[in-house]
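Visitor: One structure follows; several queries about it will come next.
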Amino acid sequence: MSADGRSIATVLAAVADEARPARLPADLWSRGMRRRRRRQVTAALAALALALPLLLVSRPGPETPADGRPAVPSRIDSPFPFVGTATSSPPGGASVIVTGPGGFGASGLFGGGYEDRAIVVGTNGSYRTVRHLNGFDAGESVLLSPDGRRVAGDWGMESSWQEGLGAAATTVLDLTTGHLRRYGAGAPVAWFPDGTRLLTSAGTLRVLHLDTGAVDDLGLRHETANVALAPDGRHAVVQDGSSLTVLDLTTGQTRTMATLDERHTLAGPGAWDGHGRVAVWECTPACSGVPQVALTLTYIDADTGAPATGPALRLAGVAGARLLGWQRDGDAVAVRFRDSGTSFTPPTGRRADVTAPPGGQPEVVALRPDGPGTVLVRVPAGADRVEVARGFLDRFGAAPASLRERLLDWLASHTGALVLLMAAGAALYAVRRYRRRNA
């Protein structure tokens, strides 16, 4: 070896003697795994942040289908947990409302103090909830406007107690904006056909003008929900016990139309048809709250109170039925309640109401003279009431929202919560990383 070679070897040996051997930490593997998991979480959060705009684009639009197109789905499915509310994520208009005992889990985790909720099915296939502090029933104490753009309820809907109004309040929720407005008008009874007014009750029947908030007291005592408005919105027929009374909704004048026996009762909110007749259920054996009853529609002339002729429509072996209205081809649309299996004794002094039986699975049907009824809308198990917007009675047959569409809509309705969750996760990650660097 040359002198130069020996010098280089000597220098390298000296450097080697001074060098410290590399020391691998005992937790090198776990450190690498933690770093990998952090990268995966960061990538997932970034992917979710990028996907949110796509979810919003993929969400069904809030527009009502064009006139003539089906808008009422043939099936309502059980709602997903934590469905978005109509106030925080308005559906833009609805065709159906469904309620059931317990509100489909309304009082569960994150119930927010609400004991009941209605499922509002949008014309775009979306599912939203309208909540109540105590309880309500679709078509009876929570009412969908004829055009499906508003929902009316009492003081307990969406925690709407307001000082000065108390329990005598009507709450109206705009499904296109999520805006709530409260009126000191009593509880809602029925929508006028034009959707600009509500018939309400605070001991007596009243007319609430939604735009101005003005209230006209008609003076007629009211203790029942069995009321049907005429198609022109000028009159209403009210059943009080056995008496059918016609009420002029402009002047407040009344006249007795007919007196009903135990086998007859007003058929429902759509009982007044477009031909000057009022439909009445004839019950066999009687409208007495038995678990099964046979129902036949009979008719009364609205002007004279005399019996009138009309299509012979029948239902057999049901707990009851509620007539919603009439289609252009003459078919009647009703909610049919299947046999509840239990008898029901009404309170003393009150007649049993076959239009609102205490049990039985509901379904929306079309009634024709030549058959027992064609099912138009099926509702999930656990539902006991269903309401259809009156302006959609000729627009049944829409396909139910697919699982994918419902999932996308569910995610889109929780966009705000997802953004907050991502922000909280990013903040937590930043804090933990800062602490490690400064430990």
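Visitor: Check Gly186: other-chain or 5+ apart residues with amide H under 5 Å from its amide H, H built from backbone geometry?
Guide: Distant-sequence amide H within range of Gly186: Ala169, Thr170.
Visitor: Rank-order 395-403, 375-383 by packing density, defined as the average count of other C-beta atoms within 10 Å over each peptide's residues, highest first.
Guide: Top of the packing list down: 375-383, 395-403.
Visitor: For the range 234-251, what does the Karplus curve 6.51 cos²θ - 1.76 cosθ + 1.60, with θ = phi - 60°, yield as ³J(HN,Hα) per residue in whole Hz, taken in order and with x for Gly and Pro?
Guide: 9, 9, 9, 10, 10, 9, 10, x, 9, 9, 9, 10, 8, 10, 7, 7, 9, 9
Visitor: Going highest first, how would you order 210-223, 76-89, 180-193 by mean Cβ packing within 10 Å?
Guide: Result, highest mean Cβ count within 10 Å first: 180-193, 76-89, 210-223.
Visitor: Here is a follow-up. Name the residues of the range 71-88 whose amide N is less than 12 Å from a point 7 angstrom out from the Cα of Val375 along the C-beta direction?
Guide: 74-76
Visitor: Once label points are set 7 Å from the Cα along Cα→Cβ at both Arg328 and His275, what is their separation, rounded to one decimal in nm?
Guide: Taking the simple label geometry, Arg328 and His275 are separated by 1.8 nm.
Visitor: Would you mind checking which residues have amide H under 5 Å from Ser74's amide H? H placed 1.01 Å from N; only 5 or more apart, or other chain.
Guide: Gly397, Ala398
Visitor: So what does log10 I(q)/I(0) come out to for the range 210-264 at q = 0.16, 0.25 Å⁻¹, using the Debye formula with one equal point on every Cα and no solvent?
Guide: For the range 210-264 at q = 0.16, 0.25 Å⁻¹, log10 I(q)/I(0) is -0.52, -1.08.
Visitor: With θ set to phi - 60° and the Karplus curve 6.51 cos²θ - 1.76 cosθ + 1.60, what are the ³J(HN,Hα) couplings of the range 191-200 in order, to the nearest whole Hz, using x for Gly and Pro?
Guide: Here the 3J(HN,Hα) series is 7, 6, x, 7, x, 9, 9, 10, 8, 10 Hz.
Visitor: Measuring from label point to label point, each 7 Å out along Cα→Cβ, what is the Asp77 to Ser402 span in nm?
Guide: 1.1
Visitor: Now a separate question. Just the Kirkwood number for the range 260-376, please: inverse of mean 1/r across all distinct Cα pairs, in Å, one decimal.
Guide: Computed over the range 260-376, the radius equals 14.1 Å.
Visitor: Once you keep just the Cα pairs under 8 angstrom separated by 6 or more residues, what percentage relative contact order results for the range 260-376?
Guide: Reported as a whole number, the value is 24 percent.
Visitor: What length, rounded to one decimal in nm, is gained on full extension from Asp240 through to Arg36, with 0.36 nm per residue of separation minus their alpha-carbon distance? Working shown, then result.
Guide: On the way: separation 204, 0.36 × 204 = 73.44 nm, distance 7.31 nm.
Roughly 66.1 nm would be gained on extension.
Every number in this text was worked out from the coordinates using simple rules, so none of it is lab data. Keep in mind it's a predicted model, so treat the numbers as computed, not measured. Cβ sites come from the backbone with ideal geometry, for glycine too, and all protein chains shown count toward neighbours.
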